């Protein structure tokens, strides 16, 4: 039986973008899944390693990770995650404005599960969230966090 | 009695005859020997007189006893004149002392003179340099001399030249390889010191070695190249590159230098310029990075917010127009940022690998993309486009821009873009033509057309990045682009790109 993911982590420094993602998720019918937002790379790692302010945080089923972040950027967070046996299997989707080929290469080399670009057009933005939710929430079998 | 006498006579006659025969035989032998001797003398004479060397014998009293004919030609005196006076009278007054010393050394029959050089005065008063080899048997001196005046003349010229010219040369003597024995005028001037000063202290005190590379040259000499740094008397720094030829046996050296100061100064200047450029470039790519990531988000948020307002709220009368403006400009802003991002991406590309790209496979998808959006689509692509060397993504970008422009800057009822090829006879660089029936461009502005952010009209939307990007891509791939266009007559872009064929034949 497929396990329903019950917790998403959104690592996103721009509140507007985070709001847009959450709005789209709600609008598309995934509002029942709690989404936690952290705004920089260090907080993201604290959250995942359950340290400092985030000592009581729950490990997420799926992570949406921005690329450009304060303190530690997406690739650094991803690398540290993939080095830890606790976090290595959590699926990470890079969700960023950059479409540069080198970033795509780097992300996959570091162990990203997918790389999605945030579209400019609001309609397309929703389309991407739709595709993402359909695949990763509705259909994909995710490992236990 | 008579018989006895007869016998006696016979004996006498026979003896006499025997003596005669012996005498004749001896005479014959002597004659033969004297002939041989005569032949040898002739041979020697011939040899002495035809040789370019000067041969002679001298008596213990210092008079010529034999002279080969060359002496007359070389000295200008006749052989009789030469034999009439002691040899020493013909020697240059300044060299007489050492000549007498060498001659007295020859009294020891074990002494051989080699490479002894002295000067003489010719009949025309000019100097004659002779180099001697000689030996003595205690009675006579047997000597051969060589005229080396020409050599000496050249030597003098060279030395003279180094004394007046600006060449940087110094030599050391075998007796003291640590100190210079001669310093050319040029080197004296450069170091700002007199020859006396420079020869008084070890030369390594005047020049500080930075690097030395030894190159073994042959059995006799070692050649070393060396870089040196020197402070002159007025404190300025001089960089010299030396060629040092050292005699293996004696250790004496011939040193010549090239002044590299200007060169090194320029090199340092260039280095600092390169450093500055690198800094500027880093700042630029930092900016491009910001453009790529940070500047992209705000227009997206603006668009998103506008969308949310439209969807979730009731819009008062007259506000829709403004929301449309906000959206339009957010899109334009994001297009500009996108263009900048592409420019910086292409700039950043290093060691781009040019691979064979079939232009047909690039242009067909472009056509499909455009024709999906435009109902009455007239993009004609000739099916015989060549395979060129390049990069698929970049070439797609370049050709998309040209086709996009052809359709965008176009007021014809049937908007048309044609892509075809003019084959090159050698097929090295065929010219690909992208032709449209658009509004055309005034030739006055053709040069401006390819500049970044340059827009020639406000009638059509645009960012002024497309053609700049296209030109940059074509040139990065080793190709060229030019155009022919006039107002209302459409535009033709001529693109030539290196082909696969050329590469494989090179």
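The values are calculated or read from the model by the stated rules, or taken from the named source; none is laboratory data. Since the model is a prediction, treat every value here as computed from it, not as a measurement. When we count neighbours, we look across all protein chains shown, and the Cβ atoms used for this are built from the backbone with ideal geometry, even at glycine.
Taken together, the residues in region B:379-394 that are outside any strand (DSSP E or B), farther than 11 Å from residue B:356 by Cβ and touching a strand residue (DSSP E or B) at 6+ places or on another chain (Cβ under 6 Å) amount to 2.
Restricting attention to region B:346-355, report how many residues are at pLDDT 75 or above and either buried (at least 18 other Cβ atoms within 10 Å of the Cβ) or in contact with a helix residue (DSSP H, G or I) (Cβ under 8 Å, 6 or more places away or on another chain) (or both).
3
Contact map, region A:13-39: first residue within 14 Å of chain B (Cβ to nearest Cβ) and under 18 Å from residue A:74 (Cα atoms), second residue surrounded by fewer than 13 Cβ atoms within 10 Å (Cβ to Cβ) and modelled with pLDDT under 90, Cβ cut-off under 9 Å, separation 6 or more or different chains; pairs are A:13/A:70; A:39/A:15; A:39/A:70. For first residues located in region B:277-288 and under 18 Å from residue A:68 (Cβ atoms), partners that are assigned to a helix (DSSP H, G or I) and lie 6+ apart or on another chain with Cβ distances below 7 Å form the pairs B:285/B:344; B:285/B:348; B:288/B:340; B:288/B:344. Among (1) surrounded by 13 or more Cβ atoms within 10 Å (Cβ to Cβ); (2) part of a loop (DSSP other than H, G, I, E, B); (3) in contact with a strand residue (DSSP E or B) (Cβ under 7 Å, 6 or more places away or on another chain), there is one condition residue B:142 misses while meeting the rest; what is its number? That leaves (2) as the condition not met.
Can you find even one residue in region A:99-115 that is within 14 Å of another protein chain (Cβ to nearest Cβ), outside any helix (DSSP H, G or I), under 23 Å from residue A:22 (Cα atoms) and out of contact with any strand residue (DSSP E or B) (no Cβ under 6 Å at 6 or more places or on another chain)? Checked region A:99-115: no residue is within 14 Å of another protein chain (Cβ to nearest Cβ), outside any helix (DSSP H, G or I), under 23 Å from residue A:22 (Cα atoms) and out of contact with any strand residue (DSSP E or B) (no Cβ under 6 Å at 6 or more places or on another chain). Checked across region B:318-330, the condition of being free of Cβ contacts under 8 Å to residues at least 40 places away in the same chain, more than 10 Å from chain A (Cβ to nearest Cβ) and outside any helix (DSSP H, G or I) holds for at least one residue.
Do the conditions hold for residue B:156, that is, is it closer than 30 Å to residue B:82 by Cα and either at pLDDT below 90 or surrounded by fewer than 18 Cβ atoms within 10 Å (Cβ to Cβ) (or both)? For residue B:156, the condition - closer than 30 Å to residue B:82 by Cα and either at pLDDT below 90 or surrounded by fewer than 18 Cβ atoms within 10 Å (Cβ to Cβ) (or both) - is met. With respect to the conditions (1) more than 14 Å from chain A (Cβ to nearest Cβ); (2) exposed (fewer than 15 other Cβ atoms within 10 Å of the Cβ), residue B:224 falls short on a single one, namely (2). Yes or no: region B:295-312 includes at least one residue that is within 58 Å of the chain's Cα centre (by Cα), under 30 Å from residue A:102 (Cβ atoms), within 11 Å of another protein chain (Cβ to nearest Cβ) and assigned to a loop (DSSP other than H, G, I, E, B). Among the residues of region B:295-312, at least one is within 58 Å of the chain's Cα centre (by Cα), under 30 Å from residue A:102 (Cβ atoms), within 11 Å of another protein chain (Cβ to nearest Cβ) and assigned to a loop (DSSP other than H, G, I, E, B), which makes the answer yes.
Test residue B:48 against the stated conditions and say whether it is closer than 17 Å to residue B:89 by Cβ and surrounded by 10 or more Cβ atoms within 10 Å (Cβ to Cβ).
It is false that residue B:48 is closer than 17 Å to residue B:89 by Cβ and surrounded by 10 or more Cβ atoms within 10 Å (Cβ to Cβ).
For the criterion of being in contact with a strand residue (DSSP E or B) (Cβ under 7 Å, 6 or more places away or on another chain) and within 14 Å of residue B:363 (Cα to Cα), residue B:441 fails. Could you please find all residues in region A:52-83 being over 13 Å from the mean Cα position of the chain (by Cα) and either in a helix (DSSP H, G or I) or at pLDDT 90 or above (or both)? Answer for region A:52-83, where residues must be over 13 Å from the mean Cα position of the chain (by Cα) and either in a helix (DSSP H, G or I) or at pLDDT 90 or above (or both): A:52, A:53, A:54, A:76, A:79, A:80, A:82, A:83. Of all residues in region B:255-271, those satisfying the criterion of being within 26 Å of residue B:162 (Cβ to Cβ) and surrounded by 10 or more Cβ atoms within 10 Å (Cβ to Cβ) are B:255, B:256, B:257, B:258, B:259, B:260, B:261, B:263, B:264. When the test is whether a residue is closer than 24 Å to residue A:109 by Cβ, surrounded by 17 or more Cβ atoms within 10 Å (Cβ to Cβ), touching a residue at least 24 places away in the same chain (Cβ under 8 Å) and touching a helix residue (DSSP H, G or I) at 6+ places or on another chain (Cβ under 6 Å), residue A:87 passes it.
Just one residue in the set B:315, B:274 is surrounded by fewer than 16 Cβ atoms within 10 Å (Cβ to Cβ), at pLDDT 85 or above and under 25 Å from residue A:123 (Cα atoms); that residue is B:315. Going through (1) within 46 Å of the chain's Cα centre (by Cα); (2) in a strand (DSSP E or B) one by one, residue B:417 falls short only on (1). Taking into account only those residues within region B:275-294 that are part of a helix (DSSP H, G or I) and within 14 Å of chain A (Cβ to nearest Cβ), which is nearest to residue B:185 (Cα to Cα)? Ranking the qualifying residues of region B:275-294, first place goes to B:285.
Please enumerate the residues belonging to region A:123-132 that are more than 23 Å from residue A:82 (Cα to Cα) and either crowded, with 21+ Cβ neighbours inside 10 Å or more than 8 Å from chain B (Cβ to nearest Cβ) (or both). Across region A:123-132, the qualifying residues are A:124, A:125, A:126, A:127, A:128, A:129, A:130, A:131. Can you confirm whether region B:356-372 contains a residue that is touching a strand residue (DSSP E or B) at 6+ places or on another chain (Cβ under 7 Å), surrounded by 12 or more Cβ atoms within 10 Å (Cβ to Cβ), over 19 Å from residue B:392 (Cβ atoms) and away from chain A (no Cβ under 14 Å)? Among the residues of region B:356-372, at least one is touching a strand residue (DSSP E or B) at 6+ places or on another chain (Cβ under 7 Å), surrounded by 12 or more Cβ atoms within 10 Å (Cβ to Cβ), over 19 Å from residue B:392 (Cβ atoms) and away from chain A (no Cβ under 14 Å), which makes the answer yes.
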